[in-house]
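Undergrad: Mind looking over this structure? Questions follow.
The values are calculated or read from the model by the stated rules, or taken from the named source; none is laboratory data. Predicted model only: the values in this text are computed from it and were never measured. Cβ sites come from the backbone with ideal geometry, for glycine too, and all protein chains shown count toward neighbours. The area values use the complete protein model at the heavy-atom level, side chains included, leaving out ligands, DNA and RNA. Shrake-Rupley method; radii C 1.70, N 1.55, O 1.52, S 1.80 Å.
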Amino acid sequence: MPSHRDTLQALMQAASLQSYRALAEKAAVSRWQIQQLQTGNIEKMRLENLKKIGHALNTSLRDLLDQFDPAASAAGDSPVSPAESIRPSSAVPAQQPDLTHAFQTEALQTLETWLIQWPTIAKRAAERPDLPAAKLLPFLRPVEQLMADWAVEAIAPIDTQLPYDPQYHQLTQGTAQPGDLVQVTHSGCTHHGKLLHRAKVKPIAARN
């Protein structure tokens, strides 16, 4: 019996898709969604994403379920909204924490530019409330809350002066020795205590 991976690759070949990345891009879903399908974790996926993948593979949702989850397909056309999973949460396998962490890592890679640039933009906009950019701040609070929920923490606030630590700090200009006083220009961040991006800093000229 072919594996889920073999089944997916056969469908991709028939649809002239050469890679999982190509499939994800055509279906407008994340690589994490494709990974769930190829590893047989279809119960974690939402109908909306399955429909997108089926369309990209030139196959119907029913055919997709027949090949990857016959049990769910046999249940019939029960009304399930796109926001609901195919199976109840009690059916989620024990590896959920690992998969959740993998999903978070992929999402954080997508948000890399925001993670690097946003703290500095927010600080500058808050200092100049007359600027139109300040009006953007409330709209980005959900993203900030998402980062908090995922245990993404800033290494240091913008403009903070602190001792230079090359493990967590990246010089944007000049030179500095460990322990020298530097000023934070971009806050950097960690995820569950693991370094994602070093804080960007600049040396502070010594005063006589």
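Undergrad: Does at least one position in the stretch 52-74 carry a residue that is open to solvent by 80 Å² or more (accessible area, probe 1.4 Å), at pLDDT 80 or above, out of contact with any Leu (no Cβ under 9 Å at 6 or more places or on another chain) and not in a helix (DSSP H, G or I)?
TA: No - not one qualifying residue is present in the stretch 52-74.
Undergrad: When you go through ALA107, ALA122 one by one, which is the residue that is farther than 30 Å from ALA205 by Cβ, open to solvent by less than 30 Å² (accessible area, probe 1.4 Å), small (Gly, Ala, Ser) and not in a strand (DSSP E or B)?
TA: ALA107 is the lone residue from the list that is farther than 30 Å from ALA205 by Cβ, open to solvent by less than 30 Å² (accessible area, probe 1.4 Å), small (Gly, Ala, Ser) and not in a strand (DSSP E or B).
Undergrad: Identify, from the list PRO138, PRO203, the residue that is touching a strand residue (DSSP E or B) at 6+ places or on another chain (Cβ under 8 Å) and without any contact (Cβ under 8 Å) to a residue 40 or more places away in the chain.
TA: PRO203
Undergrad: Restricting attention to the stretch 127-158, which residues are among the charged types (D, E, K, R), at pLDDT 75 or above and farther than 14 Å from LEU115 by Cβ?
TA: Selection gives GLU127, ARG128, ASP130, ARG141, ASP149.
Undergrad: Then there's this: Scan the stretch 32-49 residue by residue and report those that are buried (at least 17 other Cβ atoms within 10 Å of the Cβ), over 17 Å from ASP6 (Cα atoms) and under 19 Å from the mean Cα position of the chain (by Cα).
TA: Matches in the stretch 32-49: TRP32, LYS44, MET45, ARG46, ASN49.
Undergrad: Something else about it: Considering only the stretch 110-119, state which residues are modelled with pLDDT under 75, surrounded by fewer than 14 Cβ atoms within 10 Å (Cβ to Cβ) and not charged (D, E, K, R).
TA: Within the stretch 110-119, THR110, THR113 qualify.
Undergrad: From the residues in the stretch 168-188 that are open to solvent by less than 70 Å² (accessible area, probe 1.4 Å) and assigned to a strand (DSSP E or B), which one is nearest to GLN104 (Cα to Cα)?
TA: Filtering the stretch 168-188 for residues that are open to solvent by less than 70 Å² (accessible area, probe 1.4 Å) and assigned to a strand (DSSP E or B), the one nearest to GLN104 (Cα to Cα) comes out as HIS186.
Undergrad: Next question, about the same structure. Quick one: would you say PRO203 is open to solvent by 80 Å² or more (accessible area, probe 1.4 Å), modelled with pLDDT of 80 or more and more than 30 Å from TRP32 (Cα to Cα)?
TA: no
Undergrad: Does any residue of the stretch 189-197 turn out to be under 28 Å from the mean Cα position of the chain (by Cα), surrounded by 13 or more Cβ atoms within 10 Å (Cβ to Cβ) and not in a strand (DSSP E or B)?
TA: Checked the stretch 189-197: no residue is under 28 Å from the mean Cα position of the chain (by Cα), surrounded by 13 or more Cβ atoms within 10 Å (Cβ to Cβ) and not in a strand (DSSP E or B).
Undergrad: Which condition from (1) touching a Cys at 6+ places or on another chain (Cβ under 7 Å); (2) part of a loop (DSSP other than H, G, I, E, B); (3) not basic (Lys, Arg) is the one that ASP130 breaks?
TA: Every condition holds for ASP130 apart from (1).
Undergrad: Which residue pairs have Cβ atoms closer than 6 Å, lie 6 or more positions apart in sequence or on different chains, and pair a first residue in the stretch 111-125 that is closer than 16 Å to ALA156 by Cβ and free of Cβ contacts under 8 Å to residues at least 60 places away in the same chain with a second residue that is of a type in the set (A, V, I, L, M) and surrounded by 15 or more Cβ atoms within 10 Å (Cβ to Cβ)?
TA: Matching pairs, first to second residue: LYS123/ILE158.
Undergrad: Sticking with this one: Looking at the stretch 11-24, is at least one residue surrounded by 16 or more Cβ atoms within 10 Å (Cβ to Cβ), touching a helix residue (DSSP H, G or I) at 6+ places or on another chain (Cβ under 7 Å) and without any contact (Cβ under 8 Å) to a residue 24 or more places away in the chain?
TA: Checked against the condition, which is being surrounded by 16 or more Cβ atoms within 10 Å (Cβ to Cβ), touching a helix residue (DSSP H, G or I) at 6+ places or on another chain (Cβ under 7 Å) and without any contact (Cβ under 8 Å) to a residue 24 or more places away in the chain, the stretch 11-24 yields at least one hit.
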